[in-house]
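Heads up: the structure comes next, in structure tokens.
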Amino acid sequence: MRTLLAILLVVAIAVPAFAGGNPEIQMYVTFDPGAVVSRLDPVPYTLGNAYICMSEIGAGFTTVSFATDVDAAMVLSASWATMLPGGLVIGDFATGITLASTECMVGEIVCIAEGSFVWNGNPGLITILDHPAYPREVVDCVGDTDEYCVLSNGGVFMDAPPTGECISPVAESSWGGIKALYR
């Protein structure tokens with residue numbers, strides 16, 4: 001009995017140490033930095049922007065790691081830049097990047113990167129991918145890590161396929177289904 005109590009005590013103390021202050025943080029591609037707009041139908045051969053933003057931030061964050069894929073067939077030129085204060089960047093957007101801020105980033109929506117593109121009229125996607133060394137890692141303001149989910153990618157002249165990642169298990173069930181589990 002003492003062994004069982006000791007194990008439960010260790011688990012109770014250790015489990016919160018692995019969870020940071022952002023258990024539901026979301027990352028997404030948008031064409032409007034103030035909202036989730038995952039589709040753009042631009043005039044061909046014009047300059048436009050895409051943003052990578054975070055929401056459901058909770059306790060704030062200082063560092064995030066990810067990669068991006070931009071369909072080459074839809075752009076004539078593309079470049080990315082960090083939007084975080086301090087501009088600390090390790091790596092590159094295509095193969096894996098870590099962006100760090102010199103401030104704790106809090107708010108309803110925080111855009112972390114801006115891409116500038118010249119669209120050529122072909123459809124394509126801007127996709128958020130896992131960083132090869134730090135997949136989906138976001139570090140909160142006290143140094144704890146969490147995983148973000150990808151809410152949506154961006155489509156140009158097309159709808160981006162749903163990611164299906166940022167869905168609450170409770171939202172998928174009815175109250176009747178939940179109550180049936182306890183009968």
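The values are calculated or read from the model by the stated rules, or taken from the named source; none is laboratory data. For clarity, every value in this text was computed on a predicted model and none was experimentally measured. Cβ: placed from backbone, ideal geometry, glycine included. Neighbour counts: every protein chain shown.
Might you let me know whether the range 59-72 holds any residue that is within 21 Å of His131 (Cα to Cα), more than 21 Å from the chain's Cα centre (by Cα) and at pLDDT below 95? The answer is yes; a qualifying residue exists. Within the range 85-96, restricting attention to residues that are over 14 Å from the mean Cα position of the chain (by Cα) and under 16 Å from Ile128 (Cβ atoms), the residue that is surrounded by the most Cβ atoms within 10 Å (Cβ to Cβ) is Gly91. Only one residue in Cys166, Cys111 is under 27 Å from Gly48 (Cβ atoms), touching a residue at least 12 places away in the same chain (Cβ under 8 Å) and not in a strand (DSSP E or B), so which one is that? Checking each option against the conditions leaves just Cys166.
Pairs meeting the criteria (first residue in the range 34-56 and more than 19 Å from Ala81 (Cβ to Cβ) and without any contact (Cβ under 8 Å) to a residue 12 or more places away in the chain, second residue of a type in the set (Asp, Glu) and not in a loop (DSSP other than H, G, I, E, B), beta carbons under 6 Å, at least 6 apart or on different chains) are lacking. Once the range 142-154 is narrowed to residues that are of a type outside the set (Ser, Thr, Tyr) and touching a Ser or Thr at 6+ places or on another chain (Cβ under 6 Å), the residue that is farthest from Gly34 (Cα to Cα) is Val150.
Quick check, is Gly121 of a type in the set (Gly, Ala, Ser), within 26 Å of Asp159 (Cβ to Cβ), touching a residue at least 60 places away in the same chain (Cβ under 8 Å) and part of a loop (DSSP other than H, G, I, E, B)? Considered against the rule, which asks whether it is of a type in the set (Gly, Ala, Ser), within 26 Å of Asp159 (Cβ to Cβ), touching a residue at least 60 places away in the same chain (Cβ under 8 Å) and part of a loop (DSSP other than H, G, I, E, B), Gly121 comes out as yes.
Just to be sure before I move on: is Gly21 touching a Gly at 6+ places or on another chain (Cβ under 7 Å), at pLDDT below 95 and over 18 Å from Ser152 (Cα atoms) in the structure I sent? So Gly21 fits the description; yes.
Restricting Leu129, Leu99 to those that are in contact with an Asp or Glu (Cβ under 9 Å, 6 or more places away or on another chain), of a type outside the set (Gly, Ala, Ser), surrounded by 14 or more Cβ atoms within 10 Å (Cβ to Cβ) and at pLDDT 95 or above reduces the list to Leu129.
Among the residues making up the range 68-99, those that are closer than 26 Å to Leu40 by Cα, touching a Ser or Thr at 6+ places or on another chain (Cβ under 6 Å) and in a strand (DSSP E or B) are Asp69, Ser79, Leu99. When residues in the range 39-64 are screened for being crowded, with 20+ Cβ neighbours inside 10 Å and touching a Ser or Thr at 6+ places or on another chain (Cβ under 9 Å), 8 of them pass.
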